[in-house]
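The values are calculated or read from the model by the stated rules, or taken from the named source; none is laboratory data. Please read these numbers as outputs of a predicted model, since none were measured by experiment. Counting neighbours? That spans all protein chains shown, and the Cβs are built from the backbone with ideal geometry, glycine included.
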Amino acid sequence: MLGLKLPTDPRWVNLAEKSIEEILTDHAYCEQKATSTSISLIQNYPEFEEMVEALIPIVSEEWGHFKMVLEQLKKRGLKLGIQRKDKYVNALQKFLKKGDSRKNSLIEKLLFSALIEARSCERFKLLSKEINDEELRDFYKKLMVSEAGHYKLFLDMACNLGDKEKVLQRWEEWLHYEAEVMQNLSLRGDRIH
């Protein structure tokens, strides 16, 4: 369904489980960044009214996820750590086409967001099936469903804004590039991506 070209190494869950405080901290900041990204899209592209309307509930939902992750930290007597650079997202940003029309720029940003949501969904699915903490399994199952909806929404918005065939061709380019990024990143259990 997600179309990712390179699945996550299954050992990632074992590493994540050994770094629960770090993985939950990173996850919290991922949710915060997802909130900020949606707000930024609304602020920078207000003329795309359908997109603005579609993103309003996403902003609330992502911020709600941030609070839910904080609750998971608190339940375990853990603290929200310091935000670290996200090498995955930084690598993906290099693939964004620049200098095009506003509409094409927005399409690029929607594809970028869809890809991050797809990878998050895939990672949450792994956690929902493989992590030993039963409460976290249920937690990540619920979030996996939400991320899948966000992925689909961003991809659909991009397709609706442009020539669907061309947008899907560009999506394939994004998927292949993301697989290269994943292949070149070291396997770390303290990060969602």
Q. Among the residues of the range 104-138, which ones are of a type in the set (S, T, N, Q), assigned to a helix (DSSP H, G or I) and either closer than 28 Å to E173 by Cβ or out of contact with any Phe, Trp or Tyr (no Cβ under 6 Å at 6 or more places or on another chain) (or both)?
A. N104, S105, S113, S120
(Q) I'm trying to understand the selection: among the residues of the range 7-19, which are assigned to a helix (DSSP H, G or I) and surrounded by fewer than 18 Cβ atoms within 10 Å (Cβ to Cβ)? (A) R11, N14, L15, E17
Q: State yes or no: is Q72 more than 13 Å from the chain's Cα centre (by Cα), touching a residue at least 12 places away in the same chain (Cβ under 8 Å) and in a loop (DSSP other than H, G, I, E, B)?
A: no
Q. Of everything in the range 20-53 that's among the hydrophobic types (A, V, I, L, M, F, W, C) and more than 17 Å from the chain's Cα centre (by Cα), which residue is surrounded by the most Cβ atoms within 10 Å (Cβ to Cβ)?
A. M51
Q: Please specify each residue of the range 83-103 satisfying the condition of being in contact (Cβ under 8 Å) with a residue 40 or more places away in the chain and assigned to a loop (DSSP other than H, G, I, E, B).
A: Q83, R84, D86, F95
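Each row is one residue, and each column tells you yes or no for (1) assigned to a loop (DSSP other than H, G, I, E, B); (2) closer than 27 Å to W171 by Cβ.
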{"position": "K5", "(1), (2)": "yes, yes"}
{"position": "E21", "(1), (2)": "no, no"}
{"position": "C30", "(1), (2)": "no, yes"}
{"position": "T35", "(1), (2)": "no, yes"}
{"position": "L41", "(1), (2)": "no, yes"}
Q) Quick one: would you say E22 is touching a residue at least 24 places away in the same chain (Cβ under 8 Å), among the acidic types (D, E) and more than 18 Å from R191 (Cα to Cα)? A) no
Q.
So S146 ticks every box in (1) modelled with pLDDT of 95 or more; (2) out of contact with any Ser or Thr (no Cβ under 6 Å at 6 or more places or on another chain); (3) closer than 22 Å to F112 by Cβ but one. Which box is left unticked?
A. (1)
Q.
Of the residues K85, K98, K94, only one is closer than 23 Å to L143 by Cα and either exposed (fewer than 15 other Cβ atoms within 10 Å of the Cβ) or not small (G, A, S) (or both); which?
A. K85
Q: Being out of contact with any Phe, Trp or Tyr (no Cβ under 9 Å at 6 or more places or on another chain) and of a type in the set (S, T, N, Q) is the filter here, so list the residues in the range 139-172 that pass it.
A: N160, Q169
